[in-house]
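Peer 1: First the structure, then my questions, so here it is.
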Amino acid sequence: ETNVFGAVRVIQAALPYLREQGSGHIIQLSSAAGVMAMPLSGAYSASKWALEALNESLAQEVADFGIKVTVIEPGGFATRSGKNPDPLANGHLSEPNPTYDGLRQRIAAFAGKQPAGDPAAAAQALLKIVDSCNPPLRVLFGQGFYPLLQQVYADRLKTWADWQDLSAQAHGDLDQENR
């Protein structure tokens, strides 16, 4: 509700004013999970992927009005009493299923190795984006997930290339249909 529909409501409320003044900058807070799904976070990742798509579309829709859109995609930041947040303790969780204990332990071990970002440094970086004449549509905040995201995208591109023949086959032979 908050990640998607809250953002939609804020956009709907702000857009008339931004269009009228002929400028503005909408900044949305997504997550590294908005471009890379992690196990045990399906609903959270889905909400962030929706936010990503919403704002990618929005950026194209409002560009002619002088309105810019930027989606911030942070990794882990030390936002809870100076500690790196437990990725498994975000929001309200159901009772853990013991079947996934091993997976939860592997995720916690991975997350524990990721450096926690400094919120004050992120705030300064955000101000640079706000002041930019040509801000990015998306920007990753933090370094912990960057190598992993590079691999995720490389794997995705390779899979598409490896399966391109099947993709073309699934499309059908249009030349024959048009005869």
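Peer 1: Rounded to the nearest 0.05, what FRET efficiency is calculated for ALA109 and LYS158 with R0 set to 22 Å and r the Cβ-Cβ distance?
Peer 2: Working from the Cβ atoms, E equals 0.25.
Peer 1: How much FRET efficiency would the formula 1/(1 + (r/R0)^6) give for GLN169 and ALA78, where r is the Cβ-Cβ distance and R0 is 45 Å, rounded to 0.05?
Peer 2: It comes to 0.35.
Peer 1: Now, a different point. Among LEU15, LEU157, LEU137, which one moves the most in a GNM of the chain with springs linking Cα atoms closer than 10 Å?
Peer 2: LEU157
Peer 1: Just the number: Rg to Rh for the chain, Cα atoms, Kirkwood Rh, two decimals.
Peer 2: 1.05
Peer 1: Can you work out the Karplus-derived ³J(HN,Hα) for every residue in the range 40-51? Use 6.51 cos²θ - 1.76 cosθ + 1.60 with θ = phi - 60°, whole Hz, and x for glycine or proline.
Peer 2: 3J(HN,Hα) across the range 40-51, in whole Hz: 6, 9, x, 5, 4, 4, 4, 5, 6, 5, 4, 4.
Peer 1: Now for a different question. Cut-off is 10 Å between beta-carbons; in what order do HIS171, HIS25 appear when sorted fewest neighbours first?
Peer 2: Fewest-to-most ranking of HIS171, HIS25: HIS171, HIS25.
Peer 1: For the chain, what does -39500 (n - 2.57) per DSSP helix run (n ≥ 4), summed and divided by total residues, give at 222 nm, in deg cm²/dmol to the nearest 500?
Peer 2: Working: 7 runs with 91 residues, N = 179.
Only helices count here, giving -16000 deg cm²/dmol.
Where a number appears in this text, it was derived from the coordinates with a stated rule and is not lab data. What you see is a predicted model; the values in this text were computed from it and never measured. Every residue, glycine among them, receives a Cβ derived from its backbone with ideal geometry; neighbour counts consider all protein chains shown.
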